[in-house]
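J.: Got a structure for you, written out below as structure tokens; questions coming shortly.
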Amino acid sequence: DWDAAVGALTSGAPVLLLAHVSPDADALGSALAAGLALEARGVDVAVSFGDDPFVVPRVLRTLPGAHLLVPPAEAGHRPVVASFDVSSIQRLGVLRAAAESASTLIAVDHHSSYTGFGQVHLVDVKAPATAVLALDLVDRLGVELTQEIATAVYSGVVTDTGSFKYAATTPGTHRVAARLLETGLPHDVIARHIYDDEPFGVLKML
């Protein structure tokens with residue numbers, strides 16, 4: 001439902017973009033990529049996830065678009081809500097009510113377990129990551145693919161494909177990655193933040 005999604009997101013109404021609770025790079029990276037694109041369109045947009053207390057996972061704190069993040073208590077009521085990488089509405093945690101009270105609820109997801117919530121669906125179970133759908137949304141919004149947006153998308157793609165090892169990885173996935181790399185994003189630094197930058201205590205525990 002691309003036309004319906006783009007129409008709602010650019011209608012002039014305030015927008016709230018949500019990742020699932022305990023977000024990973026695919027969920028939060030997708031939401032932040034879409035948030036940066038909407039911000040570039042002049043949309044009043046905020047990004048959040050339904051954890052209380054609200055704590056951004058350490059490995060995701062370098063994702064671009066952090067200025068868009070708000071804790072659930074400050075999210076307020078926004079007429080348009082979009083969820084990213086959320087297969088069931090329960091995965092919205094304390095922000096479930098904010099999603100259910102929205103005039104338009106858009107679901108962007110790639111899980112075969114997606115339960116069908118929301119009025120507008122951007123769901124493709126063949127997509128290797130929700131971030132690929134977020135990139136498609138950025139394109140349909142007519143926004144330039146900046147290095148910041150590309151970094152948020154790439155973080156989701158590289159994690160949900162297991163660094164391009166999982167079976168859902170296709171030639172198209174690599175073409176997406178190549179396009180993102182062409183923005184000049186520091187893919188080695190991104191991988192280091194996500195996979196390698198652990199406290200020494202983690203190694204001792206293992």
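J.: For region 153-188, enumerate the residues that are free of Cβ contacts under 8 Å to residues at least 24 places away in the same chain, of a type in the set (A, V, I, L, M) and closer than 16 Å to A25 by Cβ.
T.: Passing the criteria: only A177.
J.: Residues in region 75-120 that are in a helix (DSSP H, G or I) and free of Cβ contacts under 8 Å to residues at least 40 places away in the same chain: how many?
T.: Qualifying residue count, region 75-120: 4.
J.: Ok, one more. For region 60-77, check the following and say yes or no: at least one residue is modelled with pLDDT of 95 or more, open to solvent by less than 10 Å² (accessible area, probe 1.4 Å) and either farther than 24 Å from V132 by Cα or in contact with an Asp or Glu (Cβ under 6 Å, 6 or more places away or on another chain) (or both).
T.: So far as region 60-77 goes, no, none of its residues is modelled with pLDDT of 95 or more, open to solvent by less than 10 Å² (accessible area, probe 1.4 Å) and either farther than 24 Å from V132 by Cα or in contact with an Asp or Glu (Cβ under 6 Å, 6 or more places away or on another chain) (or both).
J.: Condition check: crowded, with 18+ Cβ neighbours inside 10 Å and touching a Lys or Arg at 6+ places or on another chain (Cβ under 6 Å). Does L16 satisfy that?
T.: yes
J.: For region 36-68, enumerate the residues that are in contact with a strand residue (DSSP E or B) (Cβ under 8 Å, 6 or more places away or on another chain) and without any contact (Cβ under 8 Å) to a residue 24 or more places away in the chain.
T.: F54
J.: Let me ask something additional. Being among the hydroxyl-bearing types (S, T, Y), open to solvent by less than 30 Å² (accessible area, probe 1.4 Å) and at pLDDT 95 or above is true for just one of S87, S113, S103. Which residue is that?
T.: Answer to the selection: S87.
J.: Give me the pairs, please: first residue somewhere in region 193-206 and closer than 17 Å to Y154 by Cα, second residue anywhere and part of a helix (DSSP H, G or I) and modelled with pLDDT under 85, beta-carbon distance under 6 Å, and either six or more positions apart or on two chains.
T.: Hits for this filter: zero, empty list.
J.: Identify all residues within region 1-11 that are open to solvent by 20 Å² or more (accessible area, probe 1.4 Å) and either within 16 Å of the chain's Cα centre (by Cα) or in contact (Cβ under 8 Å) with a residue 24 or more places away in the chain (or both); write none if there are none.
T.: D1, W2, A4, V6, T10, S11
J.: Hey, could you check region 20-46 for residues that are among the small types (G, A, S) and open to solvent by 10 Å² or more (accessible area, probe 1.4 Å) and say which is farthest from T159 (Cα to Cα)?
T.: Ranking the qualifying residues of region 20-46, first place goes to G42.
J.: Within region 159-204, how many residues turn out to be of a type in the set (S, T, Y) and assigned to a loop (DSSP other than H, G, I, E, B)?
T.: 6
The values are calculated or read from the model by the stated rules, or taken from the named source; none is laboratory data. This one's a predicted model, so the numbers in the text were calculated from it and none came from an experiment. Cβ coordinates were reconstructed from backbone atoms using ideal geometry, including for glycine residues, and neighbour counts include every protein chain displayed. Ligands, DNA and RNA are excluded from the accessible area calculation, which covers all protein heavy atoms including side chains. Shrake-Rupley method; radii C 1.70, N 1.55, O 1.52, S 1.80 Å.
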